[in-house]
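First the structure, which I've put down as C-alpha cells, then a few questions once you've had a look.
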2 protein chains.
Amino acid sequence: MQPAKCVRNSNRTTNSSEFLFSFIIHSAGGLNTVEAVWPLPQTFISSSEQYRLNPQTFYFGYGMQSAAQPGCTVLDSAFKRYFSLIFLDLTSADQWAFVDKPFSVEISPLSVKEYHRYGRASLNAQTVWGALRGLESFSQLVYQDDFGSYFVNKTEIEDFPRFQFRAILLDTSRHYLPVQTILKTLDAMAYSKFNVFHWHIVDDPSFPYQSRTFPDLSAKGAFHPMTHIYTQSDVRRVISHGRLRGIRILPEFDSPGHTKSWGKGIIHKRNETHLRKYLEVSSVFPDSYIHLGGDEVDFTCWRSNPDVRAFMQAMGFGGDFTKLEAFYMENIMNITSALNKTSIVWQDVFDYHERIPKDTVLHIWKGVPAKIKEELSRITKAGMRVLLAAPWYINHISYGQDWRNYYTVQPQNFSGTEEQKKLVIGGEVCMWGEYVDATNLMPRLWPRASAAAERLWSDEQQTSNVDKAFPRLQEFRCKLLRRGIQAEPLYVGHCKHEYQGI
Amino acid sequence: MQPAKCVRNSNRTTNSSEFLFSFIIHSAGGLNTVEAVWPLPQTFISSSEQYRLNPQTFYFGYGMQSAAQPGCTVLDSAFKRYFSLIFLDLTSADQWAFVDKPFSVEISPLSVKEYHRYGRASLNAQTVWGALRGLESFSQLVYQDDFGSYFVNKTEIEDFPRFQFRAILLDTSRHYLPVQTILKTLDAMAYSKFNVFHWHIVDDPSFPYQSRTFPDLSAKGAFHPMTHIYTQSDVRRVISHGRLRGIRILPEFDSPGHTKSWGKGIIHKRNETHLRKYLEVSSVFPDSYIHLGGDEVDFTCWRSNPDVRAFMQAMGFGGDFTKLEAFYMENIMNITSALNKTSIVWQDVFDYHERIPKDTVLHIWKGVPAKIKEELSRITKAGMRVLLAAPWYINHISYGQDWRNYYTVQPQNFSGTEEQKKLVIGGEVCMWGEYVDATNLMPRLWPRASAAAERLWSDEQQTSNVDKAFPRLQEFRCKLLRRGIQAEPLYVGHCKHEYQGI
C-alpha cells in the first residue's frame, strides 16, 4: 500500500496506488461545448458554465491541508509538465492582452475539504499517484476557442480505476527500441492512465539488457553490443521517467523458453547463476513484481541434451519434461519470493500444474474468447490472481476499426463467484515485436491501446456503447496528436491541431 | 515519346521514358559480398572484384558522347542527390586518410560506347529518365565495410522496366497530407523505380486543391481553407520534385461520383464550368494523362433532383441513369481529348458500356483474383489499354508478411492473345486514405509497395520465388531506413544503419 504522503524518498511505486480522487472546478461564464475526458471518469458532471484561463497567471499549487508540499518531486514536475501540455502554443497566441482573474488548481492529497472560491479548481487525492491522474483529467478538460483562448467548464469529477493493473507490453528483443521511443511511450501511457510498463526486455532474438553481473549476455547476445543495448543508466532513466508519471516498470526475463539469445554469453553454473541473476534484476528494478515468463517451453532442446536427461533421471522425473519444467519454475518462483518480490508468470505455468506460490499472478495470453473465459474460471477458482492480455494482442493488426474489439472486452464476464471476479487484477495491451520497431510503433499503438485503457479504467455500464465512444476517442486521438504522439486516425477527417507536434 | 536529349526546357515528362540502360563498372580488388539491387535488373552480372570509393575524389560526370551535358537540370541535380545518398556519413568516417585512385561514373545518354578505363563506371541510357534509374541502381551497389569504407563490386547491368506505368496512389481528400509528406513519398518512390504519382487529390470528404478558376471549391470544401489546401505553388513544387526524380504527376479529379466536397463551393453553369475546370487542370498538370475517375456513381442523388430528371426526359434517357452517366463521361472524355490529353478512368466506365475514346486507359480496381482476370480479358479484347490496381490495395493491412501477396501477382496471367497482354500498361499501388494520414503513411507504404515495384519492373521468370526475394527486400528496407524513409520491418531483426535518418 502507498503511504499517504509524497513518495519523494521512495524508489518503489506500488501496485494499488490510485484510489479515489475527486476534482471540482467552480467558475462562471458563457456557453461552450464540453470536451470529454478519456478514459471516462466514474462520475462526471459538467455544465456549460465556462471559465477563461490566463496562462500568465494560471498556476498549480499545493493545498494547505495537503500532506504533499513543494519538494515533492512527482507533483512538482507534474505541475510543470501539465502546464506545458495545456498551454502548448504559448508563443503563438495573443490572448495575453486580456487580464483575467487568476485561475489555479489546488492539489490536496488526502484532504477531502472542498474549495468553493471563485476561479479555483480543487483536486483531492489519497495519494500522489491519484493526484497525477487528476491532473491528466484536468488537462483534458481545458480547450481553446477559435481565437486561441483557453477555457475550462465547470466540472465535478470523482474518479478511481476499475482495475489496479493497466499495462502495456513492449518487446525489445525481436526489434530493439531506442530509449527515446520507450520514454515517448511512457508519456502516451500516462495520457491514457496506463500504470504498468511490462518490459519484455529479452527473448530469443536478442539480449539488449546490459547486465552488471553477466555483461557477456548483451555483449554477445544483443543485435549490436554497443548501440542495441540498454545500459544500467538507460534502465534507470526508464524507471525514473515512468515513476514521475505514475507508471511502474515490470521487467520480464522470460525463461526457460525464449532464451536462445542467452546462449551466446551464458555461464553454466546453474544454481548460483540463477540466484545472482534474480538478485540483480530484483535490485535494478524496484517494482514489487517480477515477470518470470514460463511460456511456450519447447522440450526438443532438453531432449537433445544428455546432461539434462541424466539430471532428470537423478531427480526421478523419468522422461517427463513437464516435471523438469515444473521443477525449474518452482525454483525461480521460490528465489523470487526469497527476494521479497511477487512473481507474474504466463498461464502455461498454471496449465502444467506446478506448485505455485499463492500470491503469484497468472498472465492469460492464449485462446479464443470461449477458451479465455474457461481459463479465467479455472484459475480464479484455484484462488489465483489473473492478469488478462489475450484479447489485447494489439500487434495483430487488421483493416478498419479494430479498436472496437479491444473496447468491447468484458474482463469479468466468466462463470465464477464475486470473489473470483475480484481476482482479475487488470489487463495488458501487448505489442509483440515481430513486425514492429521504432518506425511503426507509435501509430500502431495509439490510439488503439487507448480503447483498452478505457475498458480497464472506467465503469463497464457507462462505457458499454462502442458507437458513443467513437467520437470521444476521435477527440482524444486529436489531443494525443496535439501533444506530439504520432497517433493514427480512426477514420476520415482531420484534427484542429494537426502535425504541429509531430 | 521522349526526345533523345536533356529535357531541361520541357515541362512535360512522357509515358515511355525509360528504355534500356546499361551499366558497367570496371575495377579490381578483393573479395566481398555483393549487395543486390531492388527491383531486380533484367541482367545482372556481378563479381567478387571490389573497388574502393574515395568520397573526396568520387564524381559523376557526363560522357563526351552524351547528348546531355552540364546544365541538364534533371541529371545535374541527380548527381548531387545520389552523391549524398551514397556517402551519407561523410562527417563521421575517417577513411579520408586514404587516397585512392579517383572513381567516377560517366553518364552517356544515347551513347552505347563502353568505357574500359580503370576505376570508372559507365552508364549508358537512351534518355535522362533511364539515366536516373541507372544512378539509383549504382547507388544501391555501393556498400560500406565494417570500417566505414565504401566499396562497389565489378558489375554489369542491362536494364529496362517490364511495364511503363508503375504508379502509387495517395488520397489527399479523406485525410490531408502535408506537402512534405508527399515529397518524401516521391523520394521513396524513386528508390523503388516507381514513375507515376497518381494524386487522388479531391473526393467526398474534402477538396484541398486550391483552384485558380474556382477558389471557392477549397475555400468552402477543404478541411481548413488555409492550412489543409494545396496552393498552386504547392502543386508546382510536387510536379517539379517528381520530375527531377523521373516521376510523373497524374492528377485525378474524380466525378461524377465522389464529389460531395465540391458541393459547398460549386458554381452551377454546367457546360462552361466543365470546360473551364478541365482547362485549368490540363494547364496546371503537364502530364499527358488525366484521371477522370468515373467510379461508384450512386444514382440516389440524381434521382432526388427534379432538374436532373427533366434533363433526362429532354435527352430521351427516360429513367435510365446509366445513360446519363454515359453521357456525362463521354462529355468529359471528349473535353479531355480536345485538350490533347489522354483519359484514364476507373473500370466502371467500361462496365457501363459508354462509348469510350480508343486511347482511354481503363483502371482495374475491383474484384477477387478470378474476377480480375475475367475483366482483364474482356477489356483488352475490346482493344483497350488497362492499368491494374486491384491486387495492390495496400491500405488493406493484415497481420504478417502480406507483401508476399503483392509480390506474387501475375499481371498478364489471363486468357488472351499476346497482343492483349501488351495492353496491360502497368500497375498501381493504392493507399486509400480512410485510415491513413501523415502519422502512419510511411511505415504502411514502405517497404510493402516495394514488393509491387519489383513485380512491375523486373522479369517475372527471374523473380518468381518469393522466398528468394525476402532477404533482398529486407536488405532494401534497410537501405530505405538509412536514407531516412520510415520503412517498417519485414520480420525480427535489425539493420546496420538504424534510425540515424529517422
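Using the structure shown, decide if B:I168 is closer than 17 Å to B:M431 by Cβ and either among the β-branched types (V, I, T) or modelled with pLDDT under 95 (or both).
Numbers: closer than 17 Å to B:M431 by Cβ: yes; either among the β-branched types (V, I, T) or modelled with pLDDT under 95 (or both): yes.
So B:I168 passes the test.
Of the residues that make up the range B:207-221, is at least one within 26 Å of the chain's Cα centre (by Cα), within 14 Å of chain A (Cβ to nearest Cβ), of a type in the set (F, W, Y) and surrounded by 15 or more Cβ atoms within 10 Å (Cβ to Cβ)?
There is at least one residue in the range B:207-221 that is within 26 Å of the chain's Cα centre (by Cα), within 14 Å of chain A (Cβ to nearest Cβ), of a type in the set (F, W, Y) and surrounded by 15 or more Cβ atoms within 10 Å (Cβ to Cβ).
Please pick out the residue among B:A326, B:A310, B:A338 that is within 29 Å of the chain's Cα centre (by Cα) and more than 25 Å from B:A167 (Cα to Cα). Full working, then the answer.
Values: B:A326 fails: within 29 Å of the chain's Cα centre (by Cα); B:A310 fails: within 29 Å of the chain's Cα centre (by Cα).
Among B:A326, B:A310, B:A338, only B:A338 is within 29 Å of the chain's Cα centre (by Cα) and more than 25 Å from B:A167 (Cα to Cα).
Specify which of the listed residues (A:K373, A:K366) is surrounded by 13 or more Cβ atoms within 10 Å (Cβ to Cβ), in contact with an Asp or Glu (Cβ under 9 Å, 6 or more places away or on another chain) and touching a residue at least 24 places away in the same chain (Cβ under 8 Å).
Working: A:K373 fails: in contact with an Asp or Glu (Cβ under 9 Å, 6 or more places away or on another chain).
Going through A:K373, A:K366 in turn, just one is surrounded by 13 or more Cβ atoms within 10 Å (Cβ to Cβ), in contact with an Asp or Glu (Cβ under 9 Å, 6 or more places away or on another chain) and touching a residue at least 24 places away in the same chain (Cβ under 8 Å): A:K366.
Related question: Taking the criterion of being closer than 25 Å to A:Q474 by Cα, in the same structural domain as A:S137 (by the TED database) and at pLDDT 50 or above, would at least one residue in the range A:68-81 satisfy it?
Within the range A:68-81, the subset closer than 25 Å to A:Q474 by Cα is A:81.
If we keep only those that are in the same structural domain as A:S137 (by the TED database) as well, we get A:81.
Then keep just the ones that are at pLDDT 50 or above; that gives A:81.
Checked against the condition, which is being closer than 25 Å to A:Q474 by Cα, in the same structural domain as A:S137 (by the TED database) and at pLDDT 50 or above, the range A:68-81 yields at least one hit.
Run down B:S139, B:S206, B:S211 and say which single residue is closer than 22 Å to B:S84 by Cα and hydroxyl-bearing (S, T, Y).
Working: B:S206 fails: closer than 22 Å to B:S84 by Cα; B:S211 fails: closer than 22 Å to B:S84 by Cα.
Criteria check complete, one pass: B:S139.
Here is a check on your reading of the model: is B:Y399 among the hydroxyl-bearing types (S, T, Y), surrounded by 17 or more Cβ atoms within 10 Å (Cβ to Cβ) and over 20 Å from B:D351 (Cα atoms)?
Working: among the hydroxyl-bearing types (S, T, Y): yes; surrounded by 17 or more Cβ atoms within 10 Å (Cβ to Cβ): no; over 20 Å from B:D351 (Cα atoms): yes.
Considered against the rule, which asks whether it is among the hydroxyl-bearing types (S, T, Y), surrounded by 17 or more Cβ atoms within 10 Å (Cβ to Cβ) and over 20 Å from B:D351 (Cα atoms), B:Y399 comes out as no.
Given the criteria among the β-branched types (V, I, T), within 14 Å of chain A (Cβ to nearest Cβ), surrounded by 22 or more Cβ atoms within 10 Å (Cβ to Cβ) and touching a Cys at 6+ places or on another chain (Cβ under 7 Å), does B:I394 qualify?
Against the criterion (among the β-branched types (V, I, T), within 14 Å of chain A (Cβ to nearest Cβ), surrounded by 22 or more Cβ atoms within 10 Å (Cβ to Cβ) and touching a Cys at 6+ places or on another chain (Cβ under 7 Å)), B:I394 qualifies.
Looking at the range A:274-296, I want the residues that are under 19 Å from A:E325 (Cβ atoms) and have a partner that is surrounded by 17 or more Cβ atoms within 10 Å (Cβ to Cβ) and of a type in the set (G, A, S) with Cβ atoms under 7 Å, at least 6 apart or on another chain. Which pairs are those?
Taking only residues 6 or more apart or on different chains, the pairs are A:I290/A:S282; A:I290/A:S343; A:L292/A:S343; A:G293/A:S255; A:D295/A:G257; A:E296/A:G257.
Going through A:F151, A:F138 one at a time, which residue ends up being assigned to a strand (DSSP E or B), in the same structural domain as A:Y82 (by the TED database) and modelled with pLDDT of 90 or more?
Step by step, each of A:F151, A:F138 is checked, and only A:F151 is assigned to a strand (DSSP E or B), in the same structural domain as A:Y82 (by the TED database) and modelled with pLDDT of 90 or more.
Could you please let me know if A:I344 is surrounded by 15 or more Cβ atoms within 10 Å (Cβ to Cβ), touching a Phe, Trp or Tyr at 6+ places or on another chain (Cβ under 7 Å) and touching a residue at least 60 places away in the same chain (Cβ under 8 Å)? Walk me through it before giving the result.
Values: surrounded by 15 or more Cβ atoms within 10 Å (Cβ to Cβ): yes; touching a Phe, Trp or Tyr at 6+ places or on another chain (Cβ under 7 Å): yes; touching a residue at least 60 places away in the same chain (Cβ under 8 Å): yes.
Answer is yes for this residue.
Ok, one more. Could you tell me whether A:I356 is modelled with pLDDT under 95 and surrounded by 15 or more Cβ atoms within 10 Å (Cβ to Cβ)? Explain how you work it out, then say what you get.
Working: modelled with pLDDT under 95: yes; surrounded by 15 or more Cβ atoms within 10 Å (Cβ to Cβ): yes.
Considered against the rule, which asks whether it is modelled with pLDDT under 95 and surrounded by 15 or more Cβ atoms within 10 Å (Cβ to Cβ), A:I356 comes out as yes.
Which numbered condition in (1) assigned to a strand (DSSP E or B); (2) surrounded by fewer than 22 Cβ atoms within 10 Å (Cβ to Cβ); (3) at pLDDT 90 or above is the only one that B:F163 fails?
Result: B:F163 fails condition (1) only.
Scan the range B:192-218 for residues that are in a helix (DSSP H, G or I) and in contact with a helix residue (DSSP H, G or I) (Cβ under 6 Å, 6 or more places away or on another chain) and jot them down.
If we filter the range B:192-218 for residues that are in a helix (DSSP H, G or I), which is where we start, we get B:216-218.
Correct list: B:D216, B:L217.
Mind checking which residues of the range B:174-231 are closer than 21 Å to B:W346 by Cα and among the basic types (K, R)?
Listed by number, the list holds a single entry, B:R174.
For the range A:456-502, enumerate the residues that are more than 12 Å from chain B (Cβ to nearest Cβ), polar (S, T, N, Q) and surrounded by 19 or more Cβ atoms within 10 Å (Cβ to Cβ).
Listed by number, the residues that qualify are A:S458, A:T463.
Let me ask something else about it. Looking for something in a strand (DSSP E or B) and modelled with pLDDT of 95 or more - is there at least one such residue anywhere in the range B:174-191? Write out each step before concluding.
The first filter runs over the range B:174-191 and keeps only residues in a strand (DSSP E or B), leaving none.
No, because not a single residue in the range B:174-191 is in a strand (DSSP E or B) and modelled with pLDDT of 95 or more.
Give the residues of the range A:44-68 that are exposed (fewer than 15 other Cβ atoms within 10 Å of the Cβ) and over 20 Å from A:T155 (Cα atoms), sorted by residue number.
Across the range A:44-68, the qualifying residues are A:Q56, A:T57, A:M64, A:Q65.
Please verify whether B:G433 is assigned to a loop (DSSP other than H, G, I, E, B), assigned by the TED database to the domain that holds B:D287, in contact with a strand residue (DSSP E or B) (Cβ under 6 Å, 6 or more places away or on another chain) and within 30 Å of B:E280 (Cα to Cα), treating the condition exactly as stated. Give the steps one after another, and end with the answer.
Details: assigned to a loop (DSSP other than H, G, I, E, B): yes; assigned by the TED database to the domain that holds B:D287: yes; in contact with a strand residue (DSSP E or B) (Cβ under 6 Å, 6 or more places away or on another chain): yes; within 30 Å of B:E280 (Cα to Cα): yes.
Judged against the criteria, B:G433 is a match.
Every residue, every condition in (1) under 19 Å from the mean Cα position of the chain (by Cα); (2) more than 13 Å from chain A (Cβ to nearest Cβ), yes or no:
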residue: B:V409; (1), (2): yes, yes
residue: B:N413; (1), (2): no, yes
residue: B:Q420; (1), (2): no, yes
residue: B:V424; (1), (2): yes, yes
residue: B:W432; (1), (2): yes, no
residue: B:M442; (1), (2): yes, no
residue: B:A453; (1), (2): yes, yes
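Right, next: Residue by residue through the range A:60-89, note down the ones that are assigned to a helix (DSSP H, G or I) and touching a Phe, Trp or Tyr at 6+ places or on another chain (Cβ under 6 Å).
The initial filter retains those residues of the range A:60-89 that are assigned to a helix (DSSP H, G or I), namely A:73-86.
Listed by number, the list holds a single entry, A:F79.
Within the range B:263-284, does at least one residue satisfy the condition of being within 29 Å of B:L183 (Cα to Cα), in a strand (DSSP E or B) and within 33 Å of the chain's Cα centre (by Cα)?
no
The values are calculated or read from the model by the stated rules, or taken from the named source; none is laboratory data. This structure is a prediction, so every number in the text was calculated from the model and none was measured. We place every Cβ from the backbone using ideal geometry, glycine too, and count neighbours over all the protein chains shown.
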